[in-house]
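Only the coordinates and a few stated rules stand behind these numbers; no lab work does. Values in this document were obtained by computation on a predicted structure and should not be read as measured data. For neighbour counting, all protein chains shown are included, and Cβ atoms are generated from backbone atoms with ideal geometry for every residue, glycine included.
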Amino acid sequence: MLNLLIGVCLAYVIALFAVAFWAERASMQGRANWLRSPMIYTLSLSIYCTGWTFYGAVGYAARSGLEFVTIYLGPSLVLLGWWWVLRKLVRIGRVQRVTSIADLISSRFGKSNGLGVLVTILAIVGTTPYIALQLQSVTLSFGAFANSESLSNNTAALWLGAGLALFTILFGTRNLDVHERHHGVVMAIAVEAVVKLCALVAVGVFVVWGVLGGIGPVLHEIDTSKVATWDVNGNRWIALTFLSGAAFLCLPRMFQVLVVENADEGHLHTASWAFPAYLMLMSLFVIPIAVAGLKILPTGSNPDLFVLSLPLSLEQDALAMFAFIGGFSSATSMVIVASLALATMVSNHIVMPIWIKWSEHRVREFGDVRRIILISRRFAILLIILLGYIYYWISGGGAALAAIGLVSFAGVTQVLPAMLGGIFWRGANRIGATAGLLVGFAIWLYTLFLPSLGNVYSAAFLAEGPWGIWWLRPQALFGVTELDPLVHALFWSMSLNALAFFVGSLISFPTPIERLQGAQIVNVYDHSPTQRGWSGRAAQSEDLMIMAQRILGVKQARALFQAEVQNQGGQGYLPDPTPEFLRTLERELAGSVGAATAHAMIGQTVGGTSVSVQDLMAVADEAAQIMEYSNRLEEQSRELTRTAQELQSANEKLTQISIQKDAFLSQVSHELRTPMTSILSFAQILRDGASLKGQDQSRYASIIHDESVRLTRLLDDLLDLSVLENGQVNLNIAKGRVQDLIDRSIATVVAGDAAMQMQITCKIPDDLHSLTTDLDRLGQVFINLISNAKKYCDAASPKLQISAHQSGCDVIIDFVDNGIGIPAQDRDFIFEKFARVGEQKTGGAGLGLTICKEIIARLGGEITYLSGHRGAAFRVQVPVNFHAA
Amino acid sequence: MKPVTEPKLFVEPRNYRARRMVDGLRILPMAGVFLIAMPLFWGGAGDSVKSSAVMLFLFGVWFVLILLNFLMTRRIGKERDWLDPINSETSVD
């Protein structure tokens, strides 16, 4: 029988290996889509149902009736309420590349490795007895078949442990995936989930319909059994439901399958109803089996083995074998996933930080980080299973072990406040989380774990407390005596844990990274892509490449870097170490080695820890430089615009001048032509007309004379201008009063035209300095201005006002008339050569003002047109004393 | 950059239905806790409550909760089809 059993076991195990191997192959060949179906995900969650629940639930039911069902109701409620917590956990796990529950806590609280270590230790302490429990359940079931005659329990447990370690190492540490997903393992535990459900349902169906005779008789049997009455302790009922629900979230192995191995959030939709249904089926036949066992089997038989012993006693060997395989499945899948999850935590939070510290200065020479991680994980798996075995061996597999399941649950549940607080409350911080975990862990050790070991406390200690302090009694803390020990421990550990977490968070201040991570994780639905960044200045892409290759593997690292190069639009193999790239890289690495380690490794390579004041200043500097540069550019562009405008106006002016010149040339030719024509014709008349009267002769001669004078004047003007422009003018410097000069000028103008109607007024202060300059030339300017006013002022009663005043070393003389003035568009070029404004009714050649301007410029002064007056207004400004330039 | 649009005051009937399903999903575990605790308050008048009755009640509750969850989760469908990430958590009715 025993040999058959071992044979079946081996066959089953080989089948599992084959399934796992095949799933790995399929996933490697990219045919893994259906391996990642929601049903596989749901089935993988069934590692919640361990060997302890498979066998123990019936035992539990035989002892205390319906209370066992709380262990299944708690997780059902958690999944039914998936929208609250699981949805967020899964999203965070995906976005932050969380590798374990320790990684989540460490990542949330500022990538603190201390917290990671604390959670890891807590998980190991909480899980080791649980692994022992699985070994016990399998050896017990062996014993039920074989009566232990040829195989000692310890040997069986040892072989079992070794086999499990082998499987886990083979399929759990084959690859180092960035997603930390293990297709082979997940597929194997999904198969095991089906096997254990079928086994239990098969036994249940056999019992209900084969033994007890249908549903009616079953209910009758229940009512007549020793668990007929519903007399559960209300506190325990509520507390156990809570505890199992909380443990479902906090157990490292559950976190592994729920969050880490989750490939698609949509799978949660299916699991939210399918897994509660699975649990319901698992517990549906528990009470009938327990009742049947109590009725049929002899008193004194172990109720924990009813699932096996019932078919055995009824000579249903095949069914018993199936049940045995079911129990075996439950135990093995739990041990595999638990040791895998713990090994990840150990390697990421304990081994890697130590290794990084140890090889701080030798990263480049040292071998493959990837290999280190895998080796450390393999050793961690061995170590954890060995610890479980040692625990089993020392405790002797007695009844004390049976109670350890809930104790273990209560231990790992201490992570709950930090986890829920971390994902829902931005104010939660590292100090609070550490305080809560330590307080909860300590109280759990003191009130539950140590008492559960049996003989740690003396009776007196339990009854009177340490040193007789009554309120420190381990099972009646603060005088609370009315609670069941488990509920008591859970009550105090959870409430004080939560309190310490809360108060610690309130009174301490988080670091910037903690606050950033807090915001990222609590607001994970906002898709905020920013994380505290690295300053890539000092980082060498090559170093990063080397490091990434060690952890991700050469192919993956190359692909990652190549993608980034393309993303940055560069060429070659190495991208620039921009903060964005460093962040991406860190997240990728975190998928393999955990957030804290990835953070530390990048920090080591980059040579700076996250955001320092220097970084911020550098960033600010850079921003300032960019601002300055852009200001300069703007300035330049403004200047260019200005220049372009000037060029354009100059061009317009040139065009206008050219037009004026053309106009003038035709004017000049006309001006020259007209007198020439007169002179020519009258000269001809005089030559040919001998019969002309003396009166006519003299009239014609005077016309010729006048025209010649006009020609001469025109030519004089042109000559004058030419002389002035060439700077060949000789100045005749003399001293004289402005008043005299103006009077003379007016007289000259008036003298030429007796009929002048213009009224000229002078306003010249008596104390005005005398001028030392070329008075004749200045007089010429004044005459020109006055005669211009006389010629062009078109008012009904023309008036010209001449005023003068002193301004520093200059004398300013204004000539303002009351005509319409000069149109604004013409003011720009009235001083240009040949310029004439408007319709010409007088025969000026347009040289007067140009000559004025040239003269005044020679005298060191300036002549301008004054805008803002009604009429034409000219201002002449000349220095009191002429200095030769 | 994604243009930031003003959140609409009302959503389409399909989204409205999906949001109400989410409300239902939120309330489901609370109803579950209440129902599961209910047998604790049964009994009285010296008459002890039968285990079998409690068992039938609990499995009935369990089944109904699973069924409701199944129906509501199915109505939600693919979350990303209708939940705008910008105001996924703001309740727009």
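Under the rule a/c < 1.5 gives rounded, and otherwise a/b versus b/c splits prolate from oblate, where does segment A:48-143 land using the Cα gyration tensor?
Values: a/c = 3.08, a/b = 1.60, b/c = 1.93.
Cα axes put segment A:48-143 in the oblate bin.
Two-decimal Rg/Rh of the protein assembly as shown from alpha-carbon positions, Kirkwood Rh? Before the final figure, lay out each step's value.
Details: Rg = 52.3 Å, Rh = 36.7 Å.
With Rh from the inverse mean 1/r over Cα pairs, Rg/Rh is 1.43.
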Sequence-distant residues sharing a close amide H with A:Val811 (under 5 Å, placed H): A:Val878, A:Val880
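Calculate the mean, over all residues of peptide A:211-219, of how many other protein chain Cβ atoms lie within 10 angstrom of the residue's Cβ.
Details: counts 0, 0, 0, 0, 0, 0, 0, 1, 6.
That average works out to 1.
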Value of relative contact order over segment A:731-879, rounded to a whole percent, pairs C-alpha under 8 Å and six or more apart: 23
Where N is the number of residues in segment A:615-721, Cα Rg divided by 2.2 N^0.38 Å: 2.53
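Only Cα pairs under 8 Å and at least 6 apart count here; give the relative contact order of segment A:621-756 as a rounded whole percent. Could you put the intermediate results ahead of the total?
Working: 26 pairs, mean separation 23.2, N = 136.
Relative contact order here is 17 percent.
Give me the extension gain from A:Asn631 to A:Thr772: residue separation times 0.36 nm, minus the current Cα-Cα distance, reported in nm with one decimal. Don't skip to the end; give the middle numbers.
On the way: separation 141, 0.36 × 141 = 50.76 nm, distance 5.14 nm.
Length gained, A:Asn631 through A:Thr772: 45.6 nm.
Per DSSP helix of 4 or more residues, -39500 (n - 2.57); summed, then divided by the residues of chain A. What does that give at 222 nm, rounded to the nearest 500?
Working: 34 runs with 572 residues, N = 885.
Value at 222 nm, helices only: -21500 deg cm²/dmol.
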Cut-off 14 Å between beta-carbons: net charge of the residues surrounding A:Gly871, Lys and Arg +1, Asp and Glu -1: +3
Lys pairs, segment A:720-822 - Cα-Cα below 19 angstrom, 8 or more residues apart or on other chains: 4
Whole-number percent relative contact order across chain A, with pairs defined as alpha carbons under 8 Å at least 6 apart: 14
Net charge over other residues, Cβ less than 13 angstrom from the Cβ of A:Ile105 (K, R count +1; D, E count -1): +1
In order through segment A:854-865: 3J(HN,Hα) via Karplus (6.51 cos²θ - 1.76 cosθ + 1.60), integer Hz, x for Gly, Pro: 5, 5, 4, 4, 4, 7, x, x, 8, 10, 10, 8
For A:Leu800, distant residues with modelled amide H under 5 Å away: A:Gln759, A:Ile760, A:Thr761
Segment A:Trp22-A:Ile812, length gained on full extension (0.36 nm per residue, minus Cα span): 273.6 nm
Between segment A:554-569 and segment A:232-270, the alpha-carbon center distance in angstrom: 39
Point-to-point label distance, A:Arg587-A:Trp425, nm (Cα→Cβ direction, 7 Å offset): 2.8
Zone residues, segment A:700-739, relative to A:Ile685, backbone N less than 16 Å from point 7 Å out along Cα-to-Cβ: A:700-708
Point-to-point label distance, A:Val456-A:Met39, nm (Cα→Cβ direction, 7 Å offset): 4.5
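Once you average over the residues of B:53-62, how many Cβ atoms of partner chains fall within 10 Å of each Cβ?
Working: counts 4, 6, 13, 2, 1, 6, 5, 0, 1, 12.
Mean shielding count: 5.
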Test item: A:269-280 mean partner chain Cβ contacts at 10 Å: 5
Most to least packed among A:310-319, A:495-504 [average Cβ atoms within 10 Å]: A:495-504, A:310-319
